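Nothing in this text is a laboratory measurement; each read-out follows from the coordinates by a stated rule. Computed from a prediction, not measured in an experiment: that's the story for all the values here. In this analysis, Cβ positions are derived from the backbone assuming ideal geometry, glycine residues included, and neighbour counts consider all displayed protein chains.
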């Protein structure tokens, strides 16, 4: 069991309150996922040609400042790094590939949690309320967030096994369910798509699968349509994109999902109780997404 | 009328209060406000009272109900009125999956749509859905009646036993061993009574009847070799 929540603000005037509105949604899903929690937030885009990465290292005394200066010197460019607990957000005036290659070669002990121009991902073990506190989620601003509370069934409880999983530039995935063909698919993706995986986690394979399909030129909708055929198991997915989010449930629809929409926002959650405190929810359109149908908001 | 505000008072206190009502209680009408999608609201009732809930509820609302009338002025999460024994549950909005699962008696009315597996393993209760039902509805339903005024999703009545199904709209696909059956006078009469009990204005003649072909669950001596 896990919990999923997503909130997309249609009304830009609310963007300053994104984290304040979102945090109770995440915490309400604690009973579905008390092991770990994570959020992806979309805000503060970097300029054209620049790249924003969220990085993770468990060591509280990790030399982030040295990473920033070494990288600036090596790549002969400007960078800025902001530490947020065990994570750090690095903005660098360099293409994504250059930044990633340098980090992988020079700082293999650092894990890249997200890549893009606008996305940031924060995730940790612990109760959702503790994780939200650690990263000051309630103070976050932006256009949209998705989040996950985890009750592990398929792999170890670790930070790397927590959701959201990055699925490419400004994309991420959260998953409630379990996939039964993840081992074989992981091997296939390693061999045929050259993907690298950090965990034994089934959801990371789903994220890798989407990364692969998108790299092959699929639109997100096309990739999700193909996922219905290629992923075997139970799932409700929420996929964060630069401009919104998408939702997909497996054809049997074992795992729950509910959506709500007003003039001001669109929200999804595993259960309605996560939406129950959103402003104006009493008059919102509330519905359950149909199985095997791709829903998108923004220009996902 | 007693009002119970779930924003102020804990859910367990509500259920305990309703369970502890004496048999001849005068407090027969209860209103519950701010349900906030909580699970297990008004479960296990066994008094002839009316409980009206203003807002959306979570899972298993009015589960195991006996005697009571539970009205939900909103949507329901999974398993509304699951294993109901008697009484009446009315949902003014939509119901999530497994509505009325395993209900032995009573009437469940859903004024909106019901999602997947509505009436799964029904054991004698009645369900009337004004809207449509999702896939695998009436799966392995043993007894009771299911009326769908809208459409039915895939695999309707899969592995059906002796529950009777009436659908006014389109059935996207019948499940294994579920077949359309002739609508006889007694069925029209039964359907008229069900619609009337549910307060639905519809002409029974517009519905089709579905039931079990009885090939799956009956021992067939001619197929002895394949068992």
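Set the Förster radius R0 to 30 Å, insert the Cβ-Cβ distance between residue B:143 and residue B:206 as r into 1/(1 + (r/R0)^6), and round the FRET efficiency to 0.05. Don't jump to the answer; show the numbers that get you there.
Working: r = 25 Å, r/R0 = 0.82.
It comes to 0.75.
With labels modelled as points extended 7 Å from the Cα through the Cβ direction, what inter-label distance (nm, one decimal) is found for residue A:98 paired with residue A:48?
1.6
Between the range A:144-201 and the range B:73-107, how many Å separate their Cα centres?
36
Using alpha carbons only, how many degrees (0 to 90, rounded to 10) separate the axis of helix B:185-198 from the longest principal axis of chain B?
Computed tilt is about 20 degrees.
How far apart, in nm, are the 7 Å Cα→Cβ label points at residue B:223 and residue A:155?
So the label points at residue B:223 and residue A:155 sit 4.4 nm apart.
For peptide A:252-262, what's the mean number of Cβ atoms from other chains within 10 Å of each residue's Cβ?
Numbers: counts 4, 8, 3, 0, 6, 1, 7, 0, 2, 0, 0.
Going residue by residue through A:252-262 and averaging, the value is 3.
What whole number of Å gives the distance from the Cα centroid of the range A:227-300 to the Cα centroid of the range B:195-215?
If we compute the Cα centre of each part, the gap is 33 Å.
May I ask you to derive the FRET efficiency for residue A:215 and residue A:283 from their Cβ-Cβ distance with R0 = 30 Å, giving the value to the nearest 0.05?
For R0 = 30 Å, the calculated efficiency reads 0.10.
Calculate the mean, over all residues of peptide A:266-272, of how many other protein chain Cβ atoms lie within 10 angstrom of the residue's Cβ.
Values: counts 0, 0, 0, 1, 0, 8, 14.
Mean number of neighbouring Cβ atoms from other chains: 3.
Where in the range A:260-298 does the amide nitrogen come within less than 17 Å of the point 7 Å from the Cα of residue B:15, taken along Cα to Cβ?
Only A:273 fall inside the zone, counting backbone N under 17 Å.
Given the DSSP H assignment, sum -39500 (n - 2.57) over each helix run of at least 4 residues in chain A and divide by its residue total; what's the result at 222 nm in deg cm²/dmol, nearest 500? Each step should come with its number before you reach the end.
On the way: 7 runs with 78 residues, N = 300.
Rounded to the nearest 500, the figure is -8000 deg cm²/dmol.
Please work out the C-alpha center-to-center distance from the range B:140-183 to the range A:39-61 and express it in whole Å.
53
Which value in nm describes the separation of the simple spin-label points at residue A:243 and residue A:105, placed 7 Å from the Cα toward the beta carbon?
Roughly 3.6 nm, to one decimal.
In deg cm²/dmol, rounded to 500, what helix-only [θ] at 222 nm does chain B give when every DSSP H run of at least 4 residues adds -39500 (n - 2.57) and the total is split over its residues?
Working: 2 runs with 23 residues, N = 227.
Value at 222 nm, helices only: -3000 deg cm²/dmol.
Suppose R0 equals 41 Å. What FRET efficiency, 1/(1 + (r/R0)^6) with r the Cβ-Cβ distance, do residue A:232 and residue A:85 give to the nearest 0.05?
Numbers: r = 36 Å, r/R0 = 0.89.
My answer for the efficiency is 0.65.
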